Amino acid sequence: MTAIRKAILLAAGRGKRLGDLTAHTPKPMIEIAGAPIIAHVLEGLAQAGIEQAIVVTGYLGEQIEDFCRRFESNHLAITTVRQPTLNGTGGAMIAAMPLVGADPRFVFGWGDVLMDHEFYQRFMMQANASGYDLILAVNRMRDPSAGAAVYVDAAMRVERIVEKPAPGASTTNWNNAGLFASTTTLLDYVARLTPSPRGELELPAAIAAMIEDGRVVRAAELRGFWSDIGTPEDLERARHLFKPRAIPPE
């Protein structure tokens, strides 16, 4: 099967929990270890074999779009698309769908989640295999209440995902780490999304529907540094701990 070469990064949100830090800067453009968060994501994907990235922008999108024009290289082509209405992650994926083209599989994730560069390569080894409809990266947390609790069976097949469970309510330590590989089957589910009680089109609802329909959704364990930079405290911790591997000169 042909290796995956295309990735979608959802980078339209503000990051409200960061408060004034994102008043004039979109969260993916916050600098850590000398570069914006989204740069570390793009570098990790490029090192793992991704050749084309589709970046969905929204809040202060011109800053990310300008950065992507400057970041694009011979190794990674970047296309940006603006999410016309900030109506959730499902809406962001819908904005990207026309650019997926004929590729049967693709990687997608958030443009503001930081993880060790080496993990992208390990993840792509599983993503380039067959036998799944969707793979999602998971990391161990004492309590996944700040993110999404992922319940798996002994073979790491995902049984259900609970978004932002109540603190202490989860009986799993697996957290949705925000990196996925999928067949285009996902796009059929995204196209059928209806607004949630929050009035948003939510991508996790499409994944939940895939699981409910018996689609093969698997989990891949992430090891090493990971942070969704949700709070100012997370940002300070990331700036202290994240040590990306140096990118060799051209």
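The values are calculated or read from the model by the stated rules, or taken from the named source; none is laboratory data. If you're wondering where the values come from, they're calculated on a predicted model, not measured in any experiment. Neighbour counts run over all protein chains shown; Cβ positions are idealised from the backbone, glycine included.
Against the numbered list (1) in contact with a Pro (Cβ under 7 Å, 6 or more places away or on another chain); (2) in contact (Cβ under 8 Å) with a residue 60 or more places away in the chain; (3) hydroxyl-bearing (Ser, Thr, Tyr), Ser145 comes up short only at (2).
Of the residues making up the stretch 189-202, not a single one is out of contact with any strand residue (DSSP E or B) (no Cβ under 8 Å at 6 or more places or on another chain), under 18 Å from Met115 (Cβ atoms), part of a helix (DSSP H, G or I) and not polar (S, T, N, Q). The residue that is nearest to Arg14 (Cα to Cα), counting only those in the stretch 59-72 that are part of a loop (DSSP other than H, G, I, E, B) and out of contact with any Lys or Arg (no Cβ under 7 Å at 6 or more places or on another chain), is Leu60. Can you name every residue in the stretch 145-161 that is in contact with an Asp or Glu (Cβ under 7 Å, 6 or more places away or on another chain) and farther than 22 Å from Asp228 by Cα? Of everything in the stretch 145-161, those that are in contact with an Asp or Glu (Cβ under 7 Å, 6 or more places away or on another chain) and farther than 22 Å from Asp228 by Cα turn out to be Asp153, Glu159. Which of the residues that make up the stretch 2-44 are at positive phi, more than 16 Å from the chain's Cα centre (by Cα) and touching a residue at least 12 places away in the same chain (Cβ under 8 Å)? Residues satisfying the conditions are Gly19, Ala33.
The set of residues in the stretch 98-134 that are among the charged types (D, E, K, R), under 23 Å from Met210 (Cβ atoms) and surrounded by fewer than 23 Cβ atoms within 10 Å (Cβ to Cβ) comprises Asp103, Asp133.
Scanning the stretch 135-166 for residues that are crowded, with 17+ Cβ neighbours inside 10 Å, assigned to a strand (DSSP E or B) and either of a type in the set (Asp, Glu) or in contact with a Gly (Cβ under 8 Å, 6 or more places away or on another chain) (or both) turns up just one, Ala137.
Specify the residue that is nearest to Arg5 (Cα to Cα); the eligible residues are those in the stretch 76-106 that are part of a strand (DSSP E or B) and of a type in the set (Ser, Thr, Tyr). Going through the qualifying residues, I end up with Thr79.
Please go through the stretch 28-57 and pick out each residue that is outside any loop (DSSP other than H, G, I, E, B), farther than 20 Å from Val107 by Cβ and not small (Gly, Ala, Ser). Hits for the stretch 28-57 are Met29, Glu31, Ile32.
One residue alone among Thr80, Thr89, Thr85 is out of contact with any Ser or Thr (no Cβ under 6 Å at 6 or more places or on another chain), closer than 27 Å to Tyr189 by Cα, free of Cβ contacts under 8 Å to residues at least 40 places away in the same chain and hydroxyl-bearing (Ser, Thr, Tyr), and that residue is Thr85. Of everything in the stretch 1-17 that is among the aliphatic types (A, V, I, L, M) and modelled with pLDDT of 95 or more, the residue that is farthest from Gly178 (Cα to Cα) is Ile4. If you go through the stretch 68-88 and pick out every residue that is in contact with a Phe, Trp or Tyr (Cβ under 9 Å, 6 or more places away or on another chain) and either of a type in the set (Phe, Trp, Tyr) or at pLDDT below 95 (or both), you end up with 1.
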